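*Asks:* Following this message is one structure expressed as C-alpha cells.
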Amino acid sequence: MATLTPEAPEAPRSTSGRHPVPPRPAPHPHVVATWAIFIGLLAMCVWSAYDLGINPVTIFERLANGVDFLSRLVPPEFPEPGRLIELTLTTLAIVFLATLFSVVTSVPIAIFAAVNTTTGMVSRQTARIIMIFCRAAPDLVFAIILIRVFGPANGALIGIIAMGLSSIGMVGKLLADNIEDVNRGPSEAIQAAGGARWQWIHSTVIPQILPQIIAHGLHRMDINLRNSVLLGFVGVPGIGAALSTAMNTRQWQLVMGLAIIITVLCIFMELLSGAIRTQLMGRDGSGRRRGILGVIDRIAHNNWVTAPTETHQVQRTRNGAVRTSPQWDAGRIQRFFGWLVLIGLVVAAVWDIQINWQVLTNTVTNFPEVVSRFFPPDGRGLYWDRFFPALVETVQIGFASLLLGLFIALPIGAMAARNVAPTPGIAKFFRIVIVVCRAFPELVLAIILVVILGFNATAGVLALAFGSIGLLSKLVADSLEESDTRVQDAVRASGANRLQTFFAATVRQTAPATIAHILYQLDVNIRAATLLGVLGLGIGFDLLEASTRNRYDILSLIILNILAVVVVLELISMYVRKVVR
Amino acid sequence: NGDNGDNGDNSDDNGNGGDASSLPDLREEYGGDDWPTELQFVSIPSEDQVELAVQYEVLIEMFEEALDVTIESDEVTAYAAAIEALGAGTADIANFGPFSYVVAADTAGAQSVAVAVSEQDEEPSYVSYLVTLSDNDEINGIEDVAGKTVCFVDEVSTSGRLYPLAGLMDAGVLPQGEEGVENEEEYIDPYLAGAHDNSVLAVLDGTCDAGFAYDNIVDEQMIAAGDLEEGQVKVVWESEDIPSSPFAASGNLPDDMIEAMREILIDYLNVEWLAENGYCEDTDTETGDCRHLVPTNDWGYTEATDSVFDGIRAVCEVTQATACEG
Amino acid sequence: MAQSMMATDASFTSSEERSIQLRNVTKQFGEVTALNDINIDFAPQKINVLLGLSGSGKSTLLRHINGLHKPTSGEVVTLGTEVHRAGARKLRMLRREVGMIFQHFHLVESMSVLENVCTGKLGSLGGPRLGLFMYPKEVKEQAMEQLARVGLADKAFNRADALSGGQMQRVAIARALIQEPKVLLADEPVAALDPVSSATVMNLIGKIAKEDNLTVVCSLHQVELALEFSDRIIGLRGGELVMDRDASTLSLKEAHEIYSAVAVVTDEEIEQQVPELAGITTEQQS
Amino acid sequence: MAQSMMATDASFTSSEERSIQLRNVTKQFGEVTALNDINIDFAPQKINVLLGLSGSGKSTLLRHINGLHKPTSGEVVTLGTEVHRAGARKLRMLRREVGMIFQHFHLVESMSVLENVCTGKLGSLGGPRLGLFMYPKEVKEQAMEQLARVGLADKAFNRADALSGGQMQRVAIARALIQEPKVLLADEPVAALDPVSSATVMNLIGKIAKEDNLTVVCSLHQVELALEFSDRIIGLRGGELVMDRDASTLSLKEAHEIYSAVAVVTDEEIEQQVPELAGITTEQQS
Ligand SMILES: Nc1ncnc2c1ncn2[C@@H]1O[C@H](COP(=O)(O)OP(=O)(O)OP(=O)(O)O)[C@@H](O)[C@H]1O
Ligand SMILES: Nc1ncnc2c1ncn2[C@@H]1O[C@H](COP(=O)(O)OP(=O)(O)OP(=O)(O)O)[C@@H](O)[C@H]1O
Ligand SMILES: [Mg+2]
Ligand SMILES: [Mg+2]
C-alpha cells in the first residue's frame, strides 16, 4: 500500500506491481451457455446464407435486369374511389376489431400470467402456455384452420379471430411484463385497507397499465394492418384480397397502386397511434398539454370550467349538493369522447364487416367434427423427402435474412436515434426512412423480387431483410434514445469524446435490449418466412397446398412442425434474455 | 437411373429393365450446340391436380439426360409470378393451368409443348360443374340461378369462373355486353369462394344456392377427404370441355429444343414406354404404378398445338374477364 | 376470542385498554432476523413513534400489526383480532379498521385524487370498481369531506401525479381516514418529503389523531419530529427493542442521547463495511 | 490566457492560487434563473461544500465548473481554462483533469466494475472501446489499484448492478480517481445512501482528497456531514450565494445557524404552502 502514502502521490502507480489485474474469474455456466448460443446462432446465420446461395454479386446483377419489370409497375393505378373506400373501410374494420378482440382477451390472460396478480402456479402456467401458443402460430395458420370451421362466407370474421388470436401472444406477454413492473405500493395500500384481490387488481393495477394497454393495442393495430394484406391471399376481404386478385391477374400497376395505399394507410396509422400515445403520456415540459387537448384546456381555462379553489371546503355544485363528478375540463372531455369514439368505432366496424350469422351458426355446430379431421397428424410418407427439407429452408430463410438485416438495420437504427445522430436533421431523415420501410408490405416486395431474382430463396431473404429495417432499426433507435443520458454525461465528464462515449456508455447500456430485439427479429423473420409460402418458398407452400387440397392430416403435421420450431426458438430467446440483462 | 425400386426382378414383358440408353441423345440428334445447358423449371399446382405432391422427378431426369442439361426446379403457387418469370427469362419451362397458359402464351411468348391425357387417345380436357344441394327443387339447370347466390372460385379460375360465366351468358342468365360481363350483380348474387372445395362447401352450408367447381373435386376429392357425402349435391350443368394443363416452354428457347422436348414428352413419357423400359410394371391408368411416374397421374402426353386453347380465348373474348388481360 | 388471548398470556387485557399487543414476535426472512422476540403493547389513542436505522425492522413491525406480514413465531393481537392466526376474511375485516400510510404514498398516479381516496373504502364495498362512476355517491361524498379535512378539496379531480409530494401524502392520509379507522399505521410518512412538507404532514397527522381519537404507530428517521409529535418513543436496532420512553418526560438533551443510541453510526459499523479503510489509515500513520 | 483573465477582472490571479474561479455567473433555463450573478473562487487543495435546498442551484454550479453547462453570462475559469468560451477539444482536455461523481453514481450497470472504472480513462485514450479487452494493460492495472483504494478490489469482475448503493458510489469514485484529477466535483454523493454508507463514502472522499491533494467541490444536504468533512461551507438559496464560511472557525452552535440560514424552513414558508392549516387550528381552538 506504499502508493497511498501522501509523500509519493506522483509515483507511477502502475509500476508498483501491487495491483496486477487478477485473472478474470471463471464465467458463470449460464454466461458460457449464452455465448455458445450466440455463436451457434451466428454460425446458423452464416451457414444459412451460404447454403441458400445468397450472393451479393448475382443479386446486384439480377436487380439491374429487373429494371424492365419495374417499369411496368408505373404509373400506379388505383381502384375507383367508391371501391377504394369500401376496401379501406373493410380492412380497417377487420384490423380494428381484431386488435380490440386481442386486447380485451389479453388483459385477463396477462393478469393470470403476471407473478404479482396470478392466483396460483397452475393458472399462471396455463396463461403462459396460451400466450406462447398464440405467439408461435402465425395468423395465416389460424386463418387456414378457421376457414374450415366458419366456412368461406365469413372471411372477415376469420380475419378478426385469426389476427386476434395471434395478437394475444404478443399483447398478453407485454401486458404481463407491464403488470409485473407496476408499482406494487398502491396495491399493497388497498390490501392494507382490506381490499380483496379483484378489487385491488381493478383499482390499482389496471389504471396503472391503462396507458400501456392502449399503447400496445395501437402498436398491434399497426402490425395487424400489415398482416391483413397477407390474409387477403386466403380469402379475408379487404385491400389484401384486392391485392391478391390484382397480382393473380397481373395488373401490376394496380398492384403498385394498392401497395401505395397500404403504405399510406400504415404511415397514417403510425402517425395516429404516435399522436394518441403522446396524448396519453400527458403534458410537455411546460406543463401545458399539446394538440387538441391543449386547446380545450385553454378554452376551459378562460371560460366555462370553474374549478373550485377553496381547499378546506367540500366542493359543491350550484344547487348545493356535494360535487362528486369532475368538472367538464379537457381531461374529462377527452375521456368521454374517447369512450364515445371507441364505442362508435366498434358499432361501425361490426356493421361494416356484415357477419353472416345464419351461416355462422350452421358452421359452428360443425366445429368438433372439423377439428377431429385434423387428427392424427400424418405426413403420408412425404415428411422426410418433402416437408422436412422445406421446414429447414424456411428456418434458413429466417436466419439468413436476419444476418442481412443486421447489416442494414443496426446502422440505420443508430443514425435514427436523436442522442446518437450527428444532427437532429439526420435523425429525422432516418426516422422517416424507417417509417416508410415499416409501412411497405413485405409481401409485395417479395413478389417483385421473385420476378426479378427468380424462384429462389434470395428473393424471400431480401424481402425479410428489408422488413427488419422497419422493425429492428426502430427498436434499436428507441432503446438508444431511452438509455440513461446521465451515464453518458458521467463518461463525457471525464473527457471522453463523442464516439468513445457512444461505445462505452450508450452501446453498453443498450446492448442487452438490442440483443433482445435481435432475437425478437429472428422470431419475427422465421414466422414471416413461413408466410412466404404464397410464393412457393419453404414450408408455407406445403401448408397452403395441403389446405387447398383438403389434406387435414398433413396440414396438422405441418402446423405442429412450425409450432415446434417457433417454440424452441422462443425458449432459447427467453433463456438468453434472462441471462443477458 | 432406373432404380425405381419396386419393379426390378420379375420384369417379364421387357428384358432390359430400366436401361438409360433407351433414351436417345437428342441434343446431338438435333445438333443443338447452341442450346442452353441450364434450365429453370417452375411448376404450379394446377387446378385439376389431385395429388398434393406432383412427381416431376422422372420428367426432369429424362429431360436432363436426353437434352444434356441440368434443371433447377421450383414450385410456386402464384402463377402470375411464374408468367412474369417466363417473360423475364428467369424461368424456361413450366407446367401451366390451361388459362394461365393462354395468358403466358399471349403476353410472355410461352409455347405449348404437350398436354397430359388420361387415356392414350383421349381428348385432353376436363369439365366444370354447377352443383346445388340434392334436395333443392328450384335449381335444375344453369338457367335457374338467376337472382340466386352463386359461388365462383376466384377471378382467375378457368373452370371456376371463366367457363361458368360463358355458360351463364349462353343460358341468357347474364346479358352479353360490349365489355363482357356488365352489372353482373343485377342478375345474380356472385360470390368468390377462393377455392373449388370452398365453393362446394359454401353450397353445403347455405352461403350459396349453387356453386361452380371442376368435376374431379366433386366426384372424388371432397368425398375422399370427408367434406362431402355421395348424393349430397346434384350436378345441374356441365361446361364445355376445358383443355388440360399444358407443359410450356419459354419462346426464347431455340425452336428445335422445344421440338426435342415435345418428342420426349409425347414419345417417351407415357405409361407404355415407361413400363417397357423398366421404370415400372403396371400400365393401367386407374390403378397401375406407372401412372405415378407421369407427373399428372395420367397416361402420358399428347400433342397440343396452341390452337387447342382457342376455346379458352373464345371464352375470354365472350366474358372479357379482367383476368384475360395481359 | 378474549378468552383465548387470556389463555396464552395472563397479562393480555381487554382490547379496550391495549389496542395492539405483540408477544414474543420473531420474524425471519430467510436467514435475516428482521424482528427478534419483540414484546410491546400500544395503548389506544396515543401517538407512538418507532425510531431506528434502515433495516432495523420498523416497517416489518408495522406490517405485523395489520397482518401484511405474519410472525414466524409469537402472537399479534390488534383490536381484539388474533392477527397471527387470522384467515384472509378475518384479516380483511380487521384492515377496514386499520388505516395505513406509506413513505412513498402508494397512490395510483394516473387516477384522480378523489378516486384514490375512494379506493380506501374498497374493504367495505363488495366487488371490483373500475372508475369513479362505480362508487356509490355516499362514498364519494365522504371522500370529498376527507379531502377537505386535509386541505385538498380543490384538487379532488386532479390526477394524483400532478401533486407535490406533501400533497400526495395528504391524499394518502385522506384515503386512510375514509376507512374511519381506529388505528393509523404510518411507515416513514415524511422520509420522502422536503422539510416544509414534512412539517405540514406531521402537523396534520397529529391534529387528526387528536380529533378522531386514533391510535397512531409511526416510524420516523428524524428525532426532532419524533419528539415534537409523539407520546412515546420506541427504539429499534437490528430487530430488537432497545428503548421505550415516554416522550413527555424527555428533555431536548436526552433526545440527542436517544438519537445517538438508536440512529448514529458507530465506527465499528463503518469499518465493518469497508475493512480496508481502517487498515490503510493505520499503515499511513505508521 | 492569463492575460484575458486579468483583463476581465483585476482580482483574477494565477491558476496556481485559485484553481477555480467564477465571475458574475448567471444561468437561465428558459424562465428559471438557476444561478444569479455568482462570484466565487475555490482555492486549490481544499474541500468545499455547497449546502442548499433542492433547486437552489448546487448541481448547476458544479456542472459549470467542468463545462457540462455554459453560463448564460459571466466567466468560469477552471485550472486556467476559460470554460465559458472553450471549444469541444479544450473542454475534453480540461475534463481529463476534473473528476466528477454523481448522486446516482451513473455507472453502466451491465458492465463489470473494472470496466466501469476503466471508462474514466477514456479521455486520455484514443478511439472507442467496446469491452474490457480493448483497454491497455496499464489502464486495467491502474483501475485495479483505484479499486483497491476504495476497498472493492474483490468486486472487480462483478457487474456494477450487483453492488449496493455505497459500493456503487465507491466505484464511481474510483472511476474519477483513475483520471488522476486535480479537481474532484461531487454532486450530492451520499444523498441516495443510508447513514452508514454515507459516512463511509464521505470518509473515503476526505481521505483521498488529502492523499492526492485534490480540490474538492461537493454539494450536500446534511449539515453534520458538511461540518465534519469540509474546509469551507458555501450556502446557496434560489441560485444566490447566501453564505460563505470557513468550516474550521465554526462551532457546533454556529453550524445550526448555518443550517437554519440555508436549509431550515421558515414558518412563513409552511403557511405559504398550506395556509389552511393555521386557519383550522385557530378555528378549533375557538
Ligand atoms: N420481504 C422481505 N424479504 C426479505 N427480507 C426482508 C423483507 N422485508 C424486510 N426484510 C429484511 O428485514 C430487515 C428489516 O427490514 P425493515 O424493512 O423492517 O427495516 P426498516 O427499519 O423499515 O428499514 P428502512 O428504514 O430501510 O425502511 C432488513 O434486513 C430487511 O432486509
Ligand atoms: N437542464 C435544465 N433545464 C431546465 N431547468 C433546469 C435544468 N437544470 C436545472 N434546472 C432548474 O434550475 C434550478 C436549479 O437546479 P439544480 O439542479 O442546480 O438544483 P440543486 O440545488 O442541485 O437541487 P437538487 O438538490 O434537487 O439536486 C431548478 O429550479 C431546476 O429546476
Ligand atoms: Mg421501512
Ligand atoms: Mg442537484
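The values are calculated or read from the model by the stated rules, or taken from the named source; none is laboratory data. Note that this is a predicted model, so its numbers are computed, not measured. Every residue, glycine as well, gets a Cβ built from its backbone with ideal geometry; the counts of neighbours run over all protein chains shown. Please note that ligands, DNA and RNA were not included when accessible areas were found on the heavy atoms of the full protein model with its side chains. Shrake-Rupley method; radii C 1.70, N 1.55, O 1.52, S 1.80 Å.
*Asks:* Could you tell me the relative contact order of segment D:18-261? Use alpha-carbon pairs under 8 Å, at least six residues apart, and round to a whole percent. Could the numbers behind the result be given before it?
*Replies:* Details: 475 pairs, mean separation 66.0, N = 244.
That works out to 27 percent.
*Asks:* D:D187 accessible area, nearest 10 Å², 1.4 Å probe?
*Replies:* 20 Å²
*Asks:* Mean separation of Cα pairs under 8 Å and 6+ residues apart, divided by the residue count of chain A: what relative contact order is that in percent? Don't jump to the answer; show the numbers that get you there.
*Replies:* On the way: 683 pairs, mean separation 103.5, N = 581.
Relative CO of chain A lands at 18 percent.
*Asks:* Please work out the C-alpha center-to-center distance from segment D:68-88 to segment D:136-162 and express it in whole Å.
*Replies:* 33 Å
*Asks:* Now for a different question. Would you mind classifying the protein assembly as shown by shape? Square roots of the alpha carbon gyration tensor eigenvalues, ordered a ≥ b ≥ c; an a/c under 1.5 is rounded, otherwise it is prolate if a/b is larger than b/c and oblate if not.
*Replies:* It is prolate, given that a/c is not under 1.5 and a/b is the larger ratio.
*Asks:* Using a Cα-Cα cut-off of under 24 Å, which lysines could be cross-linked to A:K428, ignoring same-chain neighbours fewer than 8 residues away?
*Replies:* The qualifying lysines are A:K474.
*Asks:* Can you give the three extents of the C-alpha atoms in segment D:18-261 along their principal axes, from longest to shortest, in whole Å?
*Replies:* Result for segment D:18-261: principal-axis Cα extents of 50, 41, 32 Å.
*Asks:* Once the principal axes of the Cα atoms of segment A:427-529 are found, what is the range along each, listed largest first in whole angstroms?
*Replies:* 56, 26, 18
*Asks:* Taking a label point 7 Å out from Cα toward Cβ, give me the nm distances from C:E228 to the same spot in the other copies, shortest first, one decimal.
*Replies:* When each copy's label point is compared with this one, the spacings are 2.4 nm.
*Asks:* What list of ³J(HN,Hα) couplings, whole Hz, do you get for segment C:100-108 from phi and the Karplus terms 6.51, -1.76, 1.60, once you set θ to phi - 60° and write x for glycine and proline?
*Replies:* Values per residue, Gly and Pro as x: 9, 10, 10, 4, 9, 6, 6, 8, 7 Hz.
*Asks:* Net charge around B:K148, counting only other residues with Cβ within less than 9 Å of its Cβ (Lys, Arg = +1; Asp, Glu = -1)? Walk me through the numbers on the way to the answer.
*Replies:* Details: positive: none; negative: B:E138, B:D144, B:D189, B:D209.
That works out to -4.
*Asks:* Over segment D:117-197, how many percent of alpha carbon pairs lie in each 10 Å bin up to the one with the longest distance?
*Replies:* Here the calculated profile for segment D:117-197 is 17, 49, 29, 4, 0.
*Asks:* Taking every pair of alpha-carbon atoms in segment C:173-215, what share in percent sits in each 5 Å bin, from 0 to the bin with the longest distance?
*Replies:* The distribution over segment C:173-215 is 5, 22, 32, 24, 13, 4, given as percents.
*Asks:* Using modelled backbone amide H atoms (1.01 Å from N, in-plane), which distant-in-sequence or interchain residues come within less than 5 Å of C:V242's amide H?
*Replies:* C:G235, C:L236, C:R237
*Asks:* Of C:S110, C:L130, C:V183, whose Cα points farthest to the positive end of the dipole of segment C:18-261 (charges on the beta-carbon: +1 Lys, Arg; -1 Asp, Glu; origin at the Cα centre)?
*Replies:* Selected residue: C:L130.
*Asks:* Set the bar at 18 Å for Cα to Cα. Now go through D:K121/D:K207; D:K58/D:K121; D:K46/D:K70; D:K182/D:K207; D:K27/D:K58; C:K46/C:K182 and name every pair that lies beyond it.
*Replies:* Working: D:K121/D:K207 22 Å; D:K58/D:K121 26 Å; D:K46/D:K70 24 Å; D:K182/D:K207 15 Å; D:K27/D:K58 12 Å; C:K46/C:K182 11 Å.
Exceeds cut-off: D:K121/D:K207; D:K58/D:K121; D:K46/D:K70.
*Asks:* Another question about this same structure. Across the residues of C:149-161, average count of Cβ atoms on other protein chains within 10 Å? Please report the intermediate quantities before stating the final value.
*Replies:* Working: counts 4, 5, 10, 4, 12, 8, 3, 8, 11, 4, 2, 1, 1.
Taking the mean over all residues of the peptide, I get 6.
*Asks:* What percentage of all Cα-Cα pairs in segment D:113-251 are separated by more than 19 Å?
*Replies:* Details: 5228 of 9591 pairs.
Every Cα pair in segment D:113-251 considered, those over 19 Å come to 55 percent.
*Asks:* What helices does chain A have that are whole DSSP H segments, at least 27 Å long along their own axis by Cα, and with mean Kyte-Doolittle hydropathy of -1.0 or more?
*Replies:* Numbers: long enough: A:29-51 (32 Å, 1.32); A:81-113 (46 Å, 1.71); A:155-181 (39 Å, 1.10); A:206-231 (35 Å, 0.47); A:252-281 (43 Å, 1.65); A:330-353 (34 Å, 1.40); A:388-416 (40 Å, 1.76); A:508-531 (35 Å, 0.29); A:552-579 (40 Å, 1.82).
For chain A, where a helix must reach 27 Å along its axis and average at least -1.0, the hits are A:29-51, A:81-113, A:155-181, A:206-231, A:252-281, A:330-353, A:388-416, A:508-531, A:552-579.
*Asks:* Under 19 Å from a point placed 7 Å out from the Cα of A:R335 along the Cα-to-Cβ direction: which residues of segment C:98-121 have their backbone N that close?
*Replies:* Answer for segment C:98-121: C:107-121.
*Asks:* A further question follows. Where the label is 7 Å out from Cα toward Cβ, how close does D:G55 come to the same position in every other copy, in nm, shortest first?
*Replies:* Distances between equivalent label points, in nm: 3.4.
*Asks:* Probe 1.4 Å, all protein chains in place: accessible area of C:M93 in Å², nearest 10?
*Replies:* The value for C:M93 is about 90 Å².
*Asks:* Which sequence of B:R291, B:R27, D:R85 reflects their accessible areas, 1.4 Å probe, from the largest down? Numbers along the way, then the final one.
*Replies:* On the way: B:R291 55, B:R27 30, D:R85 145 Å².
Largest accessible area first, the residues go D:R85, B:R291, B:R27.
*Asks:* Let me ask another. Per residue, what volume in Å³ does the convex hull of the Cα atoms of chain A enclose? Walk me through the intermediate numbers first.
*Replies:* Details: hull volume 151.5 nm³, N = 581.
Per-residue hull volume (Cα only) is 261 Å³.
*Asks:* From the protein chains alone at 1.4 Å, what is the descending order of accessible area for C:K58, C:K210, largest first?
*Replies:* Numbers: C:K58 5, C:K210 155 Å².
My answer, sorted largest first, is C:K210, C:K58.
*Asks:* Let me ask another. Within a Cβ distance under 12 Å of A:E481, other residues only, what is the Lys/Arg minus Asp/Glu net charge? Walk me through the numbers on the way to the answer.
*Replies:* Values: positive: A:R418, A:R431, A:K474; negative: A:D478, A:E482, A:D484.
Spelling it out: positives minus negatives among the neighbours equals 0.
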